[in-house]
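Here's the structure we're looking at; comments come further down.
The values are calculated or read from the model by the stated rules, or taken from the named source; none is laboratory data. If you're wondering where the values come from, they're calculated on a predicted model, not measured in any experiment. No Cβ is skipped: glycine too gets one built from the backbone with ideal geometry, and neighbour counts run over all protein chains shown.
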């Protein structure tokens with residue numbers, strides 16, 4: 001079966017969600033993953049959008065994080081202060097999806113700038129938005145990003161969101177309530193933190209190899225002793241994605 | 001007391017050179033019409049604050065109205081980079097001050113509450129703290145743990161677009177209400193633009209929906225379609241074509257200038273802009289009414 005690397009990542013990300021999870025959804029590919037999960041194994045998923053929408057049931061593909069389709073038919077709409085304070089900081093969010101220009105060895109994320117000088121950025125990126133708090137306070141986080149060396153440097157140019165900081169124990173020292181980025185979904189496979197918080201390769205998608213993952217990672221990537229294989233993408237999943245969720249392929253065709 | 005006035009008079013009277021202006025909204029009810037009026041009146045050295053600066057801030061910067069931006073995420077929502085603000089920052093032509101979303105909104109909440117600052121839990125992502133000296137830490141006197149603090153933000157002017165208001169400025173908003181209430185209470189002056197001006201009895205029929213009371217409002221302006229190309233829930237849809245087009249327009253200064261000449265300087269007001277645009281039918285949304293609530297007659 002033919003599918004794009006975006007479809008592969010979205011399907012695998014969707015499978016990480018449990019029925020009943022309260023998930024902080026980002027627009028684009030995470031949105032497709034959550035909506036796919038809701039239409040397959042997780043009908044009771046509660047989707048929260050950082051614009052303040054709780055329990056959204058979008059009837060069309062949302063084109064921004066504040067699309068009006070998120071509001072019509074939602075459970076509740078609250079202010080940004082409430083969503084970050086009562087929902088996220090208070091501990092009412094199970095899952096956060098994150099992305100970024102750079103993800104480093106310990107799962108820290110950079111969405112702020114490329115370059116080493118904050119005041120004179122080589123490339124200025126959009127900035128944290130809600131990512132700093134989501135990474136800290138959601139019970140568990142997942143990162144979705146194509147597996148490319150430039151996206152996985154040894155160390156981020158700027159630490160926008162905390163992963164496992166400089167290694168095991170860092171999150172506990174800062175009293176962060178969430179578990180951090182417990183899984184990274186790429187188009188090659190999965191990475192998960194080892195006991196020191198270092199991301200290691202733990203699963204491969206069908207047809208992919210550990211060598212491919214190592215070549216596309218900016219640090220010497222450890223490989224789990226028991227490397228799992230992900231289940232193949234099914235026709236049912238692709239049908240929902242292509243026919244119902246993103247019929248014009250806005251996010252499915254892109255590389256991420 | 002009526003606060004109804006023309007938008008051009010409200011901007012002339014309440015927005016001064018050098019002001020900190022917060023044109024509110026999280027992709028919804030973005031006050032584009034007021035932004036265009038500020039450009040037409042040629043304000044200078046504004047500090048533009050908003051959690052999510054978008055196209056209107058790109059346009060204000062392109063028109064030379066601003067010298068500083070305060071933000072937590074700058075992007076063309078759903079499309080990508082906010083090219084003009086980004087480029088001004090990269091070239092060192094513009095000052096900026098940066099927070100996370102929660103940091104930015106907490107600043108407004110402090111400002112709205114009359115507090116000097118508010119605390120937030122730590123996030124352990126300390127690079128922004130290191131880059132922005134206004135983000136500080138204090139020790140929680142109860143637990144002894146450190147918490148992050150951000151200072152109150154009290155903009156000189158808040159600009160808020162609403163679905164309906166009465167002539168005194170009591171305003172109903174629904175749909176995504178990002179930070180409109182907080183900024184209205186935090187700001188020193190509030191300019192409202194409204195899709196509809198309604199009788200006070202309409203406001204009083206649904207008091208839970210009143211997010212902004214008239215007595216903190218300086219001016220109320222009747223400006224239908226003021227949020228285009230963003231949207232007003234239930235009134236018209238987001239014009240996604242324009243967000244995509246802006247990516248190209250904002251990538252070349254000549255195209256940006258042409259846009260401003262035609263759509264900002266070249267029209268007298270929002271009414272002329274809307275007629276020229278001709279998207280009335282395209283952006284129409286079918287009705288979906290809420291169930292009525294019974295307040296009871298006591």
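Residues of the stretch A:150-174 being within 14 Å of chain B (Cβ to nearest Cβ) and in a helix (DSSP H, G or I), which ones? Matches in the stretch A:150-174: A:170, A:171, A:172, A:173. Within the option set B:187, B:219, being more than 14 Å from chain A (Cβ to nearest Cβ), in contact (Cβ under 8 Å) with a residue 24 or more places away in the chain, surrounded by 21 or more Cβ atoms within 10 Å (Cβ to Cβ) and farther than 16 Å from residue B:1 by Cα holds for one residue only, B:187. Determine whether the stretch A:49-62 contains at least one residue that is buried (at least 24 other Cβ atoms within 10 Å of the Cβ), more than 8 Å from chain B (Cβ to nearest Cβ) and outside any loop (DSSP other than H, G, I, E, B). So far as the stretch A:49-62 goes, yes, one or more of its residues are buried (at least 24 other Cβ atoms within 10 Å of the Cβ), more than 8 Å from chain B (Cβ to nearest Cβ) and outside any loop (DSSP other than H, G, I, E, B).
For the stretch B:119-135, the tally of residues that are touching a helix residue (DSSP H, G or I) at 6+ places or on another chain (Cβ under 8 Å) and assigned to a loop (DSSP other than H, G, I, E, B) stands at 6. Put simply, of B:78, B:92, B:42, B:64 the only residue that is at the interface with chain A (Cβ under 8 Å from one of its Cβ atoms) and under 21 Å from residue B:263 (Cβ atoms) is B:78.
Evaluating residue B:268 against the criteria (1) in the same structural domain as residue B:12 (by TED's automatic domain parsing); (2) in contact (Cβ under 8 Å) with a residue 60 or more places away in the chain; (3) surrounded by fewer than 13 Cβ atoms within 10 Å (Cβ to Cβ) leaves one unmet condition, (2).
Scanning the stretch A:193-211 for residues that are surrounded by fewer than 17 Cβ atoms within 10 Å (Cβ to Cβ) and farther than 15 Å from residue A:106 by Cα turns up A:206, A:207, A:209, A:210, A:211. Applying the condition of being surrounded by 20 or more Cβ atoms within 10 Å (Cβ to Cβ) and more than 7 Å from chain A (Cβ to nearest Cβ) to the stretch B:107-119 and asking which residue is farthest from residue B:184 (Cα to Cα) yields B:118. Within the stretch A:224-248, being in contact with a helix residue (DSSP H, G or I) (Cβ under 9 Å, 6 or more places away or on another chain) and part of a strand (DSSP E or B) holds for one residue alone: A:227. Annotation note: of B:162, B:177, B:85, B:138, the sole residue that is outside any loop (DSSP other than H, G, I, E, B), in contact with a strand residue (DSSP E or B) (Cβ under 9 Å, 6 or more places away or on another chain) and under 19 Å from residue A:80 (Cβ atoms) is B:162. Quick check on the stretch A:124-135. Is at least one of its residues more than 17 Å from residue A:30 (Cβ to Cβ), surrounded by fewer than 17 Cβ atoms within 10 Å (Cβ to Cβ) and either touching a strand residue (DSSP E or B) at 6+ places or on another chain (Cβ under 6 Å) or more than 12 Å from every other protein chain (Cβ to nearest Cβ) (or both)? For the stretch A:124-135, residues more than 17 Å from residue A:30 (Cβ to Cβ), surrounded by fewer than 17 Cβ atoms within 10 Å (Cβ to Cβ) and either touching a strand residue (DSSP E or B) at 6+ places or on another chain (Cβ under 6 Å) or more than 12 Å from every other protein chain (Cβ to nearest Cβ) (or both): absent. Scanning the stretch B:193-203 turns up no residue that is within 11 Å of chain A (Cβ to nearest Cβ), out of contact with any strand residue (DSSP E or B) (no Cβ under 9 Å at 6 or more places or on another chain) and over 27 Å from residue A:67 (Cα atoms). Please indicate, with yes or no, whether at least one residue in the stretch A:175-192 is surrounded by fewer than 22 Cβ atoms within 10 Å (Cβ to Cβ), within 10 Å of chain B (Cβ to nearest Cβ) and in contact (Cβ under 8 Å) with a residue 12 or more places away in the chain. Yes, that holds for at least one residue. Report yes if residue A:107 is surrounded by 23 or more Cβ atoms within 10 Å (Cβ to Cβ), at positive phi, more than 8 Å from chain B (Cβ to nearest Cβ) and outside any strand (DSSP E or B), otherwise no. Considered against the rule, which asks whether it is surrounded by 23 or more Cβ atoms within 10 Å (Cβ to Cβ), at positive phi, more than 8 Å from chain B (Cβ to nearest Cβ) and outside any strand (DSSP E or B), residue A:107 comes out as yes. Name the pairs whose Cβ atoms lie under 9 Å apart, with the first residue in the stretch A:57-75 and on the phi > 0 side of the Ramachandran plot, the second assigned to a loop (DSSP other than H, G, I, E, B), and 6 or more positions between them or separate chains? Once the first residue is on the phi > 0 side of the Ramachandran plot and sits in the stretch A:57-75, its partners that are assigned to a loop (DSSP other than H, G, I, E, B) give A:73/A:55; A:73/A:56; A:73/A:57; A:73/A:58; A:73/A:59; A:73/B:288. Among the residues of this structure, residue B:91 counts as one that is free of Cβ contacts under 8 Å to residues at least 40 places away in the same chain and surrounded by fewer than 24 Cβ atoms within 10 Å (Cβ to Cβ). Among the residues of the stretch B:58-86, those identified as at pLDDT 95 or above, more than 16 Å from the chain's Cα centre (by Cα) and surrounded by fewer than 19 Cβ atoms within 10 Å (Cβ to Cβ) are B:64, B:67.
Out of everything in the stretch B:165-184 that is touching a helix residue (DSSP H, G or I) at 6+ places or on another chain (Cβ under 7 Å) and under 18 Å from residue A:68 (Cβ atoms), what residue ends up being surrounded by the fewest Cβ atoms within 10 Å (Cβ to Cβ)? So, considering only residues that are touching a helix residue (DSSP H, G or I) at 6+ places or on another chain (Cβ under 7 Å) and under 18 Å from residue A:68 (Cβ atoms), the one surrounded by the fewest Cβ atoms within 10 Å (Cβ to Cβ) is B:174.
Considering each residue of the stretch A:63-83, count those that are surrounded by 24 or more Cβ atoms within 10 Å (Cβ to Cβ) and either more than 8 Å from every other protein chain (Cβ to nearest Cβ) or over 26 Å from residue B:242 (Cβ atoms) (or both), and give that number. Residues in the stretch A:63-83 being surrounded by 24 or more Cβ atoms within 10 Å (Cβ to Cβ) and either more than 8 Å from every other protein chain (Cβ to nearest Cβ) or over 26 Å from residue B:242 (Cβ atoms) (or both): 1 in total. With over 21 Å from the mean Cα position of the chain (by Cα) and either surrounded by 11 or more Cβ atoms within 10 Å (Cβ to Cβ) or not in a loop (DSSP other than H, G, I, E, B) (or both) as the only criterion, which of B:260, B:255 stands out? Going through B:260, B:255 in turn, the sole match is B:255.
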